[in-house]
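Have a look at the structure below before the remarks.
Every number in this text was worked out from the coordinates using simple rules, so none of it is lab data. Owing to the predicted nature of the structure, the values given are computational and were not obtained by experimental measurement. Neighbour counts are summed over all protein chains in view; Cβ atoms, including those assigned to glycine, are modelled from backbone coordinates with ideal geometry.
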Amino acid sequence: MRVLWVKAGRLLPVHNGGNIRSYHLLRYLQSRHSLTFLSYYDGPRDLEYERKLRAALPGAVSLCTGRSISSPLARGFDYALNLPRKAPYAVHRFASRVVKEHIVRRLEEGSCDVAVCDFLDAAVNFPATLPVPAVLFQHNVESEIWRRKALTESHLVRKAVWRLEFEKMLRYEEEAVGRFQHVIAVSEHDRSLMLAWADASRISVVPTGVDVQQYRAGPGMREVEPLVVFVGAMDWEPNVDAVEYFCSAIWPGVQHQVPSARFRIVGRNPDGRVRALESESVEVTGSVLSVVEHLRAAAVVVVPLRIGGGTRLKIYEAMAMSKAVVSTTIGAEGLDVHDGEDIMLADDAGAFAEAVVGLLQSPEQRWQYEKAAHELATRYDWPVIGEKFSQVLEQVAFRRGVMAEPGFVSREWPGKVS
């Protein structure tokens, strides 16, 4: 099978959830099919990035758009220019005439059996009429993320902006889901949201995975310090909101019962609001070479997300390392986890704090969760997930008769912003 995979932004270095998921799936597909990976990115041309990309994925094609908006002031001005457009800014900023022409040429020359549009932001450069079977790979339901951002934002100006972007994203995402012949979601929850826009036969679920070999538990790690760890890109708004919420509403309750406990925030590009959380008991690492050692040192891993979509790879990574995890329902959304068995779920700040305290104070309880978590994670090793993804692409490419024709079922959306 000949696959064309298109992704906006740099794939390397692989250190955020979406890139991790794409990277492992790409490596699996390349080992079994003829794969052309098209990566396009902003800013000046980066020959070193292109060299590393070809080394990781031989035959990869890189396109530099030359577009560069680095300062907050320039980003604000660019956003203002986008206000009259129908497409949300988060998507339109990836639009490129050069990239679109390149994609159209490849699709029309018949060099691929199926095309994959990786994330919604790459869809802006796909033609309205798709000459070959094409799949939209939805790591998240993007409009749901913007809806939740608008709901949880207290700043009136930002709330108005998030609401506008939600409304634009909702219209754009519905159109994109209807335009592609097939959609791959990462969870049944995301699929259920998109069923408002497309027939069930056109949406498949391929769950997220974990590199079990990389995230393996270290020997003799049952006795650990009372260290609580959060892992994530710290320039991503849902993660910023999560650690702010944890430090203000949850952490005081933990410290009251376990005064020696420490909280470590691990992730690249910490926002100023994140840096402001540092104290005697709260550490902000910034970028690290690897999160493995930080996870290995943790007694408890927390995922206190209130905003987000898709699935959180960080949970399976922690579980693969035999770590007890406490998460909000949103944080664990879409994962095959079981509250009270292999994870603890709590949406109330007090209940969340009590769950963390219980795990810190009871090594036996913690060990039970660690054992169950590891057993669950081993079922989601990337080769298993990669094969499921490959099977969906083969169905779309060669057995199109089993798929329903593109079209909308409903134009209603199951959530509103108030």
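Once amide H atoms are placed 1.01 Å from N in the peptide plane, what residues at a sequence separation of 5 or more from Val3, or on another chain, have their amide H within under 5 Å of its amide H?
Amide H neighbours of Val3: Ser34, Leu35, Thr36, Asp113.
Using θ = phi - 60° and the Karplus curve 6.51 cos²θ - 1.76 cosθ + 1.60, what whole-Hz ³J(HN,Hα) does each residue of the range 358-369 get, with Gly and Pro shown as x?
Taking θ as phi minus 60°, the curve returns x, 5, 5, 8, 10, x, 5, 4, 4, 5, 4, 5 Hz for the range 358-369.
Amide H of Gln181 versus every other amide H placed in the peptide plane: which residues, excluding those fewer than 5 positions away on the same chain, fall under 5 Å?
Under 5 Å from the amide H of Gln181 lie the amide H atoms of Ala134, each far enough along the sequence or on another chain.
With θ taken as phi - 60° and the coefficients 6.51, -1.76 and 1.60, list the Karplus ³J(HN,Hα) couplings across the range 171-185 in order, rounded to whole Hz; mark glycine and proline as x.
My calculation for the range 171-185 gives 5, 5, 5, 4, 5, 5, 4, x, 7, 7, 5, 8, 10, 10, 9 Hz in order.
Could you give the distance between the Cα centres of the range 55-99 and the range 104-148, to the whole Å?
Centre-to-centre (Cα) distance: 16 Å.
Projecting each Cα onto the charge dipole of the chain (Lys/Arg +1, Asp/Glu -1 at the beta carbon, about the Cα centre), which of Tyr172, Asn19, Trp162 comes out farthest on the positive side?
Projecting each Cα onto the dipole axis, the largest value belongs to Tyr172.
About the Cα centre of the chain, what is the dipole size in debye to 20, counting +1 per Lys and Arg Cβ and -1 per Asp and Glu Cβ, all else neutral?
Working: 50 positive and 51 negative charges, 270 e Å.
For this selection, approximately 1300 debye.
If you plug each phi of the range 106-114 into the Karplus form 6.51 cos²θ - 1.76 cosθ + 1.60 with θ = phi - 60°, what whole-Hz ³J(HN,Hα) values come out, in order, with x for Gly and Pro?
Result, ordered by residue: 5, 5, 6, 7, x, 8, 9, 8, 8 Hz.
Please identify the trypsin sites (Lys or Arg not before Pro) of the range 1-61 that satisfy two criteria: DSSP loop assignment and at most 13 other Cβ atoms within 10 Å. Which are they? If you can, show how the numbers build up before the last one.
On the way: sites: Arg2, Lys7, Arg10, Arg21, Arg27, Arg32, Arg45, Arg51, Lys52, Arg54; in loops: Arg10, Arg45.
Passing sites in the range 1-61 are Arg45.
Return the long-range amide H neighbours of Val282 (sequence gap of 5 or more, or a different chain), with a cut-off of under 5 Å between placed amide H atoms.
For Val282, the qualifying residues are Phe263.
Not counting the cut sites, what is the longest span of the chain without GluC sites (Glu not before Pro) that DSSP labels loop and that have at most 16 other Cβ atoms within 10 Å? Before the final figure, lay out the partial values.
Numbers: sites that count: Glu109, Glu223, Glu278, Glu280, Glu341, Glu412.
Longest gap between qualifying sites, sites excluded: 110-222.
So if the hydrodynamic radius of the range 8-129 is defined as the Kirkwood radius over C-alpha pairs, what does Stokes-Einstein give as its diffusion coefficient at 20 °C and 1.002 mPa s, in µm² per second?
Details: Rh = 15.7 Å.
In µm²/s, the coefficient is 137.
Give, as ranges by residue number, the residues of the range 105-126 whose backbone N falls under 16 Å from the point 7 Å along Cα→Cβ of Ala56.
118-119
Just to be sure I understand: if I project the alpha-carbon convex hull of the range 227-380 onto a plane and average over all orientations, what area do I get in nm²? Please report the intermediate quantities before stating the final value.
Working: hull surface 31.6 nm².
Across all orientations, the range 227-380 yields a mean hull projection of 7.9 nm².
With the dipole of the chain worked out from charges on the C-beta (+1 for Lys and Arg, -1 for Asp and Glu) around the Cα centre, which of Val258, His294, Val325 lies farthest toward the positive end?
Of Val258, His294, Val325, it is His294.
Could you state, as a whole-number percent, how many of the C-alpha pairs of the range 87-196 are farther apart than 16 Å? Display every interim value, and only then the final one.
Numbers: 3647 of 5995 pairs.
Tail of the P(r) past 16 Å holds 61 percent of the pairs.
Take the Cα radius of gyration of the range 19-90 and divide it by 2.2 N^0.38 Å, with N its residue count; two decimals is plenty. Can you show the working numbers first?
Details: Rg = 16.1 Å, N = 72, 2.2 N^0.38 = 11.2 Å.
Compactness ratio reported: 1.44.
Kirkwood Rh over Cα pairs of the chain into Stokes-Einstein at 25 °C, 0.890 mPa s: D in µm²/s? Could the numbers behind the result be given before it?
Details: Rh = 22.4 Å.
Answer, rounded: 110 µm²/s.
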